[in-house]
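Laboratory data are not the source of any read-out in this text; all were calculated from the coordinates shown. All figures in this text were calculated on a predicted structure; none of them were measured in a lab. Here Cβ is always computed from backbone atoms with ideal geometry, including for glycine, and neighbour counts include all displayed protein chains.
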């Protein structure tokens, strides 16, 4: 069982789930996949948190995870993701407003049931896409296939690929041979040189960033309190909105039309939260998560520079890597602490 935070992993071990590990802020990276695969583990279940951010981003994270696995399998040169030849990755989504730590303490049997009901990651993603697609109408089926077919076409194992093509055929009524030929003309999503390279910044924006901005639109007074800087955001529209919020301006007043539309959409997607303390904790956890993401990016770049460095450059780059590692550890500790406090507040309300 793979969870994101080390506090979750510790709590799970204390509750008797001793086959749990923490991926440290990710779902599962290619390198982590290879570590587990080398240990001859047959199945790993990634548990997505049941908070608002986890619920809203489950499909997107599932797609990212499926593509990571497909790339990892191709990199290994094995060409199959099955229980007999390599690590199979499954997904479960925890109930709303809970996380592995809380569920393990309150209802361990429910957690075991969720693990037993976990779905293979590609099946999970296809289910999510089909649930929001209007498969009764030709246009809905076409849109569904536009999203689903590249994912199925990227499946390295030929037998598994055929099974999922059969699923798509059943859902859309289109002959499996037609789908097979169409899939063969598409570059697999997991093999594309860079994800969403031609998409607009808004489409590239991480769900976590959109979730945080939705919170700040709904609770603009929190913008001045958070340590988040506009430069921490990827989307230039989000940066512009955050600058206005930090200046004390109302999120819907005197905005250009495109920013007003984006702010309205973000506000409509914001979760309901109870009490000022709950809001502050949620904003802080989300902001720290984004800052972690950015430090990880900088570390990756610095580590790449270190690998290419010569002579006198090594010391400076090595020092930067060490500094970033310390900054990352501090951010992770702070986020975990706020997460524990957030869970404790929820426990008190339930009692």
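Brief remarks follow.
- For 215, 65, the sequence from fewest to most other C-beta atoms within 10 Å is 65, 215.
- The residue 327 and residue 184 beta-carbon pair, evaluated with R₀ = 51 Å, returns a calculated FRET efficiency of approximately 0.65.
- According to the calculation over all Cα-Cα pairs in the stretch 2-126, the P(r) per 5 Å bin from zero is 2, 12, 22, 25, 20, 12, 5, 1, 0 %.
- Difference of contour (0.36 nm per residue) and Cα-Cα distance, residue 18 to residue 221: 68.9 nm
- Theoretical gain in end-to-end length, residue 301 to residue 268 [0.36 nm per residue, Cα-Cα removed]: 8.3 nm
- Note on the stretch 134-191: percent of Cα-Cα distances in each 5 Å bin, starting at 0 and stopping at the bin with the largest distance, equals 4, 21, 33, 26, 12, 4, 0.
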